[in-house]
Amino acid sequence: MRTSFQVNDITIHRIVEEVAGHTDFRDFFPTLTDEMLAENRHWLEPVTLDPATGRIKLVYQSYVVKTPQHTVLLDTCIGNDKNRPQRASWTGRTDESFMRGLAGVGVKPADIDFVMCTHLHLDHVGWNTKLENGRWVPTFPKARYLFSKKELDHWDEVNKTTPLSHYEDSVLPVVAAKKVDFVATDHQVNDYFTLMPTPGHSYDHYAVKLGKGGKDALYTGDAIHSLLQLKYPDLPMRADYDGAQGAASRRKMLEEIADTPTLCCAAHFPEPSAGYIKRDGNGFRCEFVS
């Protein structure tokens with residue numbers, strides 16, 4: 001399956017860590033009706049709905065973007081050696097898929113200039129840190145990590161009352177190492193990277209516009225999870241902080257890139273995960289890159 005894309009003078013690589021179905025499709029989309037599911041089952045199966053288990057199939061991945069000046073990592077996936085009470089299969093992982101993926105596109109951890117975390121959920125921050133001599137240290141030693149300050153403050157308050165393992169092992173050590181640049185979600189990093197506010201799935205989520213003028217490509221983060229949310233942009237998923245706000249952000253984001261040459265690079269879409277968004281009735285569809 002295709003994992004690399006060239007758009008003008010930037011190269012985009014998918015770094016796939018896992019393809020799995022952990023959650024029942026109906027549980028993932030709690031407002032999905034029986035009628036909606038029945039109407040769409042024929043095209044959802046087997047690509048993104050496992051007919052044997054009824055689970056949603058998601059790709060867990062990051063993207064490496066190379067420009068003439070920088071090498072940038074967009075989100076950092078699941079990670080190794082972590083304790084994840086929410087998901088047993090992510091606890092104590094020793095999987096080398098992520099690091100093999102980086103090496104496969106000629107990237108070493110020390111080559112990364114920026115790590116952009118669209119939000120601070122556990123499957124987007126895991127490789128922020130690695131276990132070294134019993135301590136969590138930044139995996140990418142030269143990189144500046146870009147966190148939304150509002151997002152961090154939100155999770156800091158949550159962690160005070162409900163300790164979160166991923167926040168304590170994959171976020172706080174990077175802050176303590178003074179590797180973080182706190183940004184607003186409309187921040188322009190340089191000529192090739194501009195953040196796009198897309199709150200709702202998390203408290204202060206951002207997407208990332210890529211290329212000069214921000215028109216070459218867009219990395220969605222978790223502003224959208226599923227092809228079904230293209231057809232029904234108002235459909236929330238179970239972990240949304242504010243489902244209505246997330247739906248508004250998703251529709252605005254899709255409207256901006258629909259019927260344009262902007263390549264949409266999605267965090268969790270089925271492989272090849274990248275394509276062009278087209279308007280389709282009251283919703284949208286994706287023409288995947290072949």
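The values are calculated or read from the model by the stated rules, or taken from the named source; none is laboratory data. All values derive from a computational prediction rather than experimental measurement. Note: ideal-geometry Cβ built from the backbone for every residue, glycine included; neighbour counts use all protein chains shown.
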Grab the strands (runs of 3 or more DSSP E) fully contained in segment 245-290, keeping just those with 2 or more residues being among the charged types (D, E, K, R). 274-280, 283-288
Suppose we keep only residues that are part of a loop (DSSP other than H, G, I, E, B) and not β-branched (Val, Ile, Thr) within segment 155-186. Which one would you say is farthest from Pro85 (Cα to Cα)? Asp186
For Thr31, indicate whether it is of a type in the set (Val, Ile, Thr), in a loop (DSSP other than H, G, I, E, B) and either farther than 18 Å from Ile224 by Cα or under 21 Å from the mean Cα position of the chain (by Cα) (or both). no
Here the residues within segment 190-206 that are in contact (Cβ under 8 Å) with a residue 24 or more places away in the chain, outside any loop (DSSP other than H, G, I, E, B) and over 15 Å from Lys149 (Cα atoms) are Asn190, Phe193
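Rundown of residues vs (1) among the charged types (D, E, K, R); (2) touching a residue at least 60 places away in the same chain (Cβ under 8 Å); (3) in contact with a strand residue (DSSP E or B) (Cβ under 9 Å, 6 or more places away or on another chain); (4) within 23 Å of Tyr219 (Cα to Cα), yes/no style:
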position	(1), (2), (3), (4)
Glu35	yes, no, no, no
Arg41	yes, no, yes, no
Val59	no, yes, yes, yes
Thr67	no, yes, yes, yes
Leu74	no, yes, yes, yes
Asn80	no, no, yes, no
Asn83	no, yes, no, no
Ala88	no, no, no, no
Phe98	no, yes, yes, yes
Could you list all residues from segment 234-244 that are in a loop (DSSP other than H, G, I, E, B) and not aromatic (Phe, Trp, Tyr)? Asp234, Leu235, Pro236, Met237, Arg238, Ala239, Asp240, Asp242
Any residue at all in segment 200-223 that's at pLDDT below 95 and at negative phi? yes
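Quick check on Met99: is it crowded, with 18+ Cβ neighbours inside 10 Å and either of a type outside the set (Phe, Trp, Tyr) or in a strand (DSSP E or B) (or both)?
Yes; evaluated as a whole, the condition is true for this residue.
For every residue, the table says whether it meets (1) surrounded by 20 or more Cβ atoms within 10 Å (Cβ to Cβ); (2) under 25 Å from Asp186 (Cβ atoms).
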site	(1), (2)
Ile78	yes, no
Asn83	no, no
Ala110	no, no
Asn128	yes, yes
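Quick grid of which residues meet (1) of a type in the set (Asp, Glu); (2) part of a strand (DSSP E or B); (3) over 19 Å from the mean Cα position of the chain (by Cα):
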residue: Asp123; (1), (2), (3): yes, no, no
residue: Leu131; (1), (2), (3): no, yes, yes
residue: Val137; (1), (2), (3): no, yes, yes
residue: Phe140; (1), (2), (3): no, no, no
residue: Phe147; (1), (2), (3): no, yes, no
residue: Asp153; (1), (2), (3): yes, no, yes
